[in-house]
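Down below is the structure, laid out as structure tokens.
The values are calculated or read from the model by the stated rules, or taken from the named source; none is laboratory data. If you're wondering where the values come from, they're calculated on a predicted model, not measured in any experiment. In this analysis, Cβ positions are derived from the backbone assuming ideal geometry, glycine residues included, and neighbour counts consider all displayed protein chains. For the accessible areas, the whole protein counts, side chains as well, though only heavy atoms, and no ligand, DNA or RNA atoms are used. Shrake-Rupley method; radii C 1.70, N 1.55, O 1.52, S 1.80 Å.
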Amino acid sequence: MDFNPTDEQLMLRNSARRFVSNEYSLEKRRALSGSELGYSADHWRSFGEFGWLGLGLPESVGGLGCSFVETAILMEELGRAIVLEPYVSSAILCAHVLDRCGNEAMRVETLRELIAARCRLALAHWESSQRYDQSLPRTRAARTDGGFVLNGAKSLVLDAQAADHFIVSACVEDQQNHSLFLINRGAPGLRITAYPLIDDSRAADIRLDQVFVPASSLLEGPILSGAILDEAIDRATLGRSAEALGAMEAVMQITAAYLKSRVQFGQPIGHFQALQHRMAEMFVEVQEARSILYCGLANIDAAHTERTRAIAAMKVVVANAGRIVGGSAIQLHGGMGLTAECSVGHYYKKLVAFDIIYGGVDENLDRLVKQGIAK
């Protein structure tokens with residue numbers, strides 16, 4: 001795979017960088033995080049106008065049909081400004097589930113709505129008894145006239161506060177694996193309890209009490225749903241890793257500028273060798289993260305074993321790098337680094353949250369151990 005950017009990829013990178021530079025100052029981001037929605041509806045519409053919501057989707061539904069390299073380029077730029085819009089949940093995770101599902105009518109209708117920025121999606125899969133493992137959900141779907149009735153609870157549903165539709169996993173009563181359903185936000189019996197996360201994004205716990213789902217909203221049955229969901233989560237992990245890389249690049253730039261401007265003992269503190277060593281360590285971590293991200297990109301469409309191995313290794317390396325880069329930036333800024341007025345603290349929180357989402361370092365090391373890669 002050639003990672004030298006094409007002219008079109010450079011245009012995408014430059015346009016995304018201009019957008020976040022103009023629209024995402026620290027003050028604007030703090031205001032958006034405290035708003036009722038938690039992000040900007042105007043920005044979301046702009047994402048649709050730019051074509052970003054359909055980057056990796058086929059042209060048959062109105063997408064651009066690009067590879068995941070373009071998505072990673074965009075996510076890196078969005079990570080530089082730690083944007084709050086639910087791009088990964090809607091345009092990567094749920095979009096891939098919909099694109100691979102067997103319900104063609106629902107697939108086309110919903111993806112076209114997403115690409116036009118007329119809807120947002122969230123995945124409701126994990127439950128309180130799970131920790132990003134592969135165990136079956138306890139949510140149950142009982143057959144009834146014209147469809148199914150769902151009962152259960154989902155935890156830590158990312159970006160649920162503004163989702164118009166939820167992709168919900170549930171086990172149909174006589175089947176050995178879970179199926180996937182598309183449920184409207186306003187469905188009777190669906191209760192959402194939203195809360196903020198450490199990085200200023202939002203999540204929610206969802207309760208389903210006798211929620212009726214028509215048969216036309218069954219996206220995929222038990223035979224393929226597990227594999228489709230695994231693919232989508234790996235792609236979402238890859239997207240968030242590119243976002244984390246962009247955040248680390250921004251932290252490096254912010255910290256370097258601070259070391260050049262902060263004067264102590266009659267000279268910029270960036271002249272002190274110990275601090276230069278810390279910056280050098282941060283640089284090495286960022287470069288290692290970029291290298292392993294390229295490995296993930298090269299294997300995202302590979303067979304299951306190769307893909308999961310590459311994505312798990314990537315998550316471990318990028319998460320560890322994020323902790324080191326973000327923590328070092330806090331140390332180099334001193335106590336002010338953790339204040340709400342200092343941007344590096346917000347980046348650090350984003351990198352801490354990245355470590356946990358879709359499974360942290362421990363869970364991914366366990367995946368590698370099971371494949372005989374790590375000890």
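Taking only DSSP H segments of four or more residues, each worth -39500 (n - 2.57), what value at 222 nm results for the chain once the sum is divided by all its residues, to the nearest 500 deg cm²/dmol? Don't skip to the end; give the middle numbers.
On the way: 11 runs with 184 residues, N = 375.
Estimated from H runs of four or more residues: -16500 deg cm²/dmol.
Quick check: from the Cα gyration tensor, does region 225-370 come out rounded (a/c under 1.5), prolate or oblate?
Prolate.
Per residue, how much accessible surface does region 225-370 expose to a 1.4 Å probe? Answer in Å², no decimals.
On the way: 5920 Å² over 146 residues.
Heavy-atom accessible area per residue stands at 41 Å².
At 0.36 nm per residue, minus the direct Cα-Cα distance, what do residue 277 and residue 175 gain on full extension? Give it in nm, one decimal, please. All intermediate terms of the calculation are to be shown ahead of the outcome.
Working: separation 102, 0.36 × 102 = 36.72 nm, distance 5.75 nm.
Working it through step by step, the gained length comes to 31.0 nm.
Could you order 173, 249 by accessible surface area, starting with the largest, using a probe radius of 1.4 Å? Walk me through the numbers before you get to the answer.
Values: 173 120, 249 30 Å².
So, going from the largest accessible area down, we get 173, 249.
Give me the percent of the accessible area of region 122-220 that comes from carbon and sulfur atoms, probe 1.4 Å, all protein chains in place.
On the way: 2160 of 4360 Å².
It is 49 percent, rounded to a whole number.
With the other protein chains left in place, how much accessible area per residue, in square angstrom, belongs to region 7-120 at a 1.4 angstrom probe? Write down the numbers at each step before the final one.
Details: 4730 Å² over 114 residues.
Result: 42 Å² per residue.
Find the accessible area per residue for region 126-179; the probe is 1.4 Å, ligands and nucleic acids are left out, and the unit is Å².
Details: 2410 Å² over 54 residues.
Per residue, region 126-179 has an accessible area of 45 Å².
When the chain is modelled as a GNM with alpha-carbon springs shorter than 10 Å, which of 286, 316, 263 fluctuates the most?
Of 286, 316, 263, the Gaussian network model singles out 263 as fluctuating most.
Can you bin region 254-295 into rounded, prolate or oblate? Criterion: square roots of the alpha carbon gyration tensor eigenvalues sorted a ≥ b ≥ c, rounded for a/c under 1.5, prolate for a/b above b/c, oblate for the rest.
Details: a/c = 6.89, a/b = 2.83, b/c = 2.44.
Because a/c hits 1.5 or more and a/b exceeds b/c, region 254-295 counts as prolate.
In region 225-370, carbon and sulfur make up what percent of the accessible area (probe 1.4 Å)?
Working: 3340 of 5920 Å².
Reported share for carbon and sulfur atoms: 56 percent.
In nm, give the distance between the simple-model label positions of residue 105 and residue 287, each being 7 Å from the Cα along the Cα-to-Cβ direction.
Using points 7 Å along Cα→Cβ, the separation is 5.7 nm.
Starting from the Cα gyration tensor of region 7-120, take the square roots of the eigenvalues, sort them a ≥ b ≥ c, and report rounded, prolate or oblate (rounded when a/c is under 1.5, otherwise prolate if a/b is larger than b/c, else oblate). Mind dumping the intermediate values first?
Details: a/c = 2.34, a/b = 1.41, b/c = 1.66.
Here region 7-120 falls in the oblate category.
On the Cα set of the chain, report Rg and Dmax in Å, please.
Using the Cα atoms of the chain, the pair Rg, Dmax is 21.1, 80 Å.
Using Cα-Cα distances under 8 Å and only pairs 6 or more residues apart, what relative contact order does the chain have, in percent?
Values: 646 pairs, mean separation 55.6, N = 375.
About 15 percent, as a whole number.
Just subtract the alpha-carbon distance of residue 135 and residue 6 from 0.36 nm times their residue separation and send over the number in nm, one decimal.
Numbers: separation 129, 0.36 × 129 = 46.44 nm, distance 4.18 nm.
Between residue 135 and residue 6, full extension yields 42.3 nm more.
Compute the long axis of helix 104-115 from its Cα atoms, compare it with the longest principal axis of the Cα atoms of the chain, and write down the angle in degrees, 0 to 90, nearest 10.
30
Please identify, among 237, 139, 193, the residue showing maximal mean-square fluctuation in a Gaussian network model of the chain using a 10 angstrom Cα cutoff.
Largest GNM mean-square fluctuation: 193.
May I ask you to derive the FRET efficiency for residue 331 and residue 27 from their Cβ-Cβ distance with R0 = 30 Å, giving the value to the nearest 0.05?
On the way: r = 25 Å, r/R0 = 0.83.
Step by step, r from the Cβ atoms, then E = 0.75.
Extending each Cα 7 Å along its Cβ direction at residue 306 and residue 35, get the distance between those two points in nm, one decimal.
4.4
At 1.4 Å probe size, put 304, 165 in order of accessible surface, largest to smallest.
Numbers: 304 100, 165 40 Å².
Putting 304, 165 in descending order of accessible area: 304, 165.
Quick one: putting +1 on the C-beta of Lys and Arg, -1 on the C-beta of Asp and Glu, what dipole do you get for region 122-220 around its Cα centre, in Debye to the nearest 20? Walk me through the intermediate numbers first.
Numbers: 9 positive and 12 negative charges, 38 e Å.
Roughly 180 debye for region 122-220.
Quick one: putting +1 on the C-beta of Lys and Arg, -1 on the C-beta of Asp and Glu, what dipole do you get for region 113-161 around its Cα centre, in Debye to the nearest 20? Each step should come with its number before you reach the end.
Details: 7 positive and 5 negative charges, 14 e Å.
It works out to roughly 60 debye.
Any idea how far the Cα center of region 325-372 sits from the one of region 61-100, in Å?
Taking the Cα centre of region 61-100 as reference, the centre of region 325-372 is 21 Å away.
Could you tell me which residue out of 73, 40, 90 lies farthest along the dipole of region 7-120 toward its positive end? Charges go on the beta carbon: Lys and Arg +1, Asp and Glu -1, centred on the Cα centre.
Of the listed residues, the answer is 40.
Report in % the part of the accessible area of region 14-113 that belongs to carbon and sulfur, leaving out ligands and nucleic acids; probe 1.4 Å.
Details: 1810 of 3910 Å².
C and S atoms contribute 46 percent here.
Any idea of residue 342's accessible area? Nearest 10 Å², probe 1.4 Å.
Probe radius 1.4 Å; accessible area of residue 342 about 10 Å².
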